[in-house]
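Colleague: Below: one structure in structure tokens.
No value in this document is a laboratory result; all are computed from the given coordinates. No experiment lies behind these values; they were computed from the predicted model shown. Cβ: placed from backbone, ideal geometry, glycine included. Neighbour counts: every protein chain shown.
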Amino acid sequence: MPNPRALPKTYAVKSFGCQMNVYDGERMAELLSHQGMTAAADGEAAELIVLNTCHIRERAAEKVYSDIGRILKTARAAGEPKPLIAVAGCVAQAEGAEIVARAKAVDIVVGPQAYHRLPSLVADAAAGRTALDTDMPAASKFGALPARRKVAPSAFLTVQEGCDKFCTYCVVPYTRGAEVSRPWGDLVAEAQALVEAGAKEITLLGQNVNAWTGEDAAGRVGGLDGLIRVLDRIEGLERIRYTTSHPNDMTQALIDAHGDVGKLMPFLHLPVQAGSDRILKAMNRSHTADSYLRIIERVRAVRPDIALSGDFIVGFPGETEADFQATLDLVGEIGHAQAFSFKYSPRPGTPAATMADQVPPQEADERLQRLQALLNAQQHAFNNATLGRRTRILIERHGKLPGQMLGKSPWLQSVHLQTDAAIGTLLDVDIVATGPNSVSGAALVSA
Ligand code: SAH
Ligand code: SF4
Ligand code: F3S
């Protein structure tokens, strides 16, 4: 442990991994600002650096240690004292005290359920005391966080955390703990605060967001569809999205919401992982390729233009060429607007890591390329099908070119266009050109 030092005045939070980590990163930044610290400007040295880490894929921990090395080198080169370094997020939860043992430069280790205690951990570290907290307290951290103040037009709201599914390849149930839903009233209040702080769109987040349940003011228990219907009534909120869902929690009530809730965007991210039932079973996914397709059918029945997205893993232990072909066949039947695909990576402590028949990396690489070629072609086809359509986009940021703005279509396509409309504007546009990853729009009327 280093010698006592003054409390830091500036901070930087760097988030990796999923959107829930991005949300946590925002909340940590708000908390530090609330304590009187200032966010360091881009490229400026901060006195406290929070690395909000992800543990989902191989070498995640290695990446953290090399980031720490880079931070130290930059400080040395600039002749500045070493900043306080905090490791947060899922690597912090998984590795705990090992991090400090391996990287002496780390002052604070704080898990995803304990970051509301960051200010006291910072004080401990500055006083030269060990600052390690990877508890998963029964009381939620959310009540201890400051209110939302200023947010982007498209904001995140974590409604559910953790996972009880235990897919055999995945670390999330260990790093994020059991499934917990935040209470209904808290979420409505936070959504309202987000809208007052500038949000036009809210994406509800959870490791299994569609497993959310809660009791409304009248004591009625409802699912995510009920929460969405309540949020739909918030004035000034224009768009609602949610991610990530599990096929087993895709209730008919939630599917129906896609048919009749005006603000719910026509987009569904529903990971399937693989197309072979044998592999799905070994993954402990507890759905089949066919039951997944039936869900998609029901969603399309109420919302024919829904844009579909998914996650895929290739090269899971025991995956044969025939199994992989089943994944390609399934993808062929669905038609994706976008998707994420990964090469299986063994995660220590998960059942799949010790399964026989690990697929040779070259074979998995080759399969990944074939799958990605198909998914990319589907994304391009989806974009092409929107050519000539008139649609509404939410302007989110400036583009690289002068006068260029970037926004999102209802189907979550990136849209770029020339306009003087401000960030946060909802604008009617015609889609005039399409590419593999984005589309271009021409503005019509400012709303
Ligand atoms: N809760 C979500 C997403 C969890 S993590 C779900 O169940 O779908 C995001 C994605 O990372 C997963 O959907 C999976 O495709 C991928 N992933 C998780 N563990 C992995 C591993 N060990 N190797 C490769 N990809 C993995
Ligand atoms: Fe991981 Fe499976 Fe849980 Fe998703 S559902 S977080 S892939 S264990
Ligand atoms: Fe990564 Fe943790 Fe999210 S492992 S994907 S940051 S839940």
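Colleague: Of the candidates R389, R347, R397, which one comes out as most mobile in a Gaussian network treatment of the chain with C-alpha springs shorter than 10 Å?
Modeller: Evaluated over the chain, the most mobile residue of the options is R389.
Colleague: Please flag any cysteine in the chain that has no other cysteine's Cβ under 4.7 angstrom from its own Cβ.
Modeller: Those would be C18, C54, C90, C163, since no other cysteine Cβ in the chain comes under 4.7 Å of theirs.
Colleague: Calculate I(q)/I(0) for region 390-443 by the Debye formula, one identical point scatterer on each C-alpha and no solvent, and give its log10 at q = 0.19, 0.21, 0.23 Å⁻¹ to two decimals.
Modeller: -0.50, -0.62, -0.76
Colleague: Just need the relative contact order of region 10-133 here, percent rounded to a whole number, with Cα pairs under 8 Å and 6+ apart.
Modeller: 23
Colleague: Would you mind ranking F16, F312 so that the residue whose beta carbon has the fewest other beta carbons within 10 Å leads the list?
Modeller: Listing F16, F312 from fewest to most nearby Cβ atoms yields F16, F312.
Colleague: How far is the Cα center of region 383-403 from the Cα center of region 115-183, in Å?
Modeller: About 35 Å separates the Cα centre of region 383-403 from the one of region 115-183.
Colleague: What are the ³J(HN,Hα) values, in whole Hz, obtained from phi via the Karplus relation 6.51 cos²θ - 1.76 cosθ + 1.60 with θ = phi - 60°, for each residue of region 353-360 in sequence order, with x given for Gly and Pro?
Modeller: Working through the residues one at a time gives 4, 10, 6, 6, 6, 5, 7, x Hz.
Colleague: Another question about this same structure. Under a 10 Å cutoff between Cα atoms, tell me which one of R220, R300, R182 has the largest fluctuation in the Gaussian network model of the chain.
Modeller: Greatest mean-square fluctuation among the candidates belongs to R220.
Colleague: Determine the alpha carbon to alpha carbon distance for each of K200/K343; K73/K104; K14/K141; K63/K150; K263/K400 and list only those over 25 Å.
Modeller: Table pairs above 25 Å Cα-Cα are K200/K343; K63/K150; K263/K400.
Colleague: Still on this structure, I have one more. Work out from phi, with θ = phi - 60° and the Karplus expression 6.51 cos²θ - 1.76 cosθ + 1.60, the ³J(HN,Hα) of each residue of region 139-145, listed in order in whole Hz, and give x for Gly and Pro.
Modeller: So the J values, rounded to whole Hz, are 6, 6, 5, 4, x, 8, 9.
Colleague: Still on this structure: For the chain, what does -39500 (n - 2.57) per DSSP helix run (n ≥ 4), summed and divided by total residues, give at 222 nm, in deg cm²/dmol to the nearest 500? Provide the component values of the computation, followed by the final result.
Modeller: Details: 13 runs with 150 residues, N = 447.
Helix contribution divided over all residues of the chain: -10500 deg cm²/dmol.
Colleague: Here is a follow-up. What value in Å³ per residue do you get for the convex hull of the alpha-carbon atoms in the chain? Display every interim value, and only then the final one.
Modeller: Numbers: hull volume 67.9 nm³, N = 447.
In the chain, the Cα hull volume divided by residue count equals 152 Å³.
Colleague: Right, next: If you consider only alpha-carbon coordinates, what radius of gyration and Dmax does region 147-385 have, in Å?
Modeller: Values for region 147-385 (Cα only, Rg and Dmax): 18.7, 57 Å.
Colleague: Please report, to one decimal in angstroms, the Kirkwood hydrodynamic radius of region 245-378 built from all distinct Cα-Cα pairs. Show your work: numbers first, answer last.
Modeller: Values: mean 1/r = 0.0646 Å⁻¹.
After inverting the pairwise mean of 1/r, the radius is 15.5 Å.
Colleague: Report the Stokes-Einstein translational diffusion coefficient (µm² s⁻¹, integer) for region 1-83, Rh taken as the Kirkwood radius over Cα pairs, at 25 °C with viscosity 0.890 mPa s.
Modeller: So the translational diffusion coefficient is about 177 µm²/s.
Colleague: Out of every Cα pair in region 282-340, what percent are spaced more than 16 Å from each other? Write down the numbers at each step before the final one.
Modeller: On the way: 840 of 1711 pairs.
When all Cα pairs of region 282-340 are counted, 49 percent exceed 16 Å.
Colleague: On to the next question. Please rank I423, I71, I99, fewest neighbouring Cβ atoms within 10 Å first, as an exposure proxy.
Modeller: Lowest to highest Cβ neighbour count: I423, I71, I99.
Colleague: Over region 10-133, consider all pairs of different Cα atoms and compute the Kirkwood hydrodynamic radius from their mean reciprocal separation; express it in Å, one decimal.
Modeller: 14.3
Colleague: For the chain, what is the relative contact order in percent, using Cα pairs closer than 8 Å and at least 6 residues apart in sequence?
Modeller: Relative contact order for the chain comes out at 10 percent.
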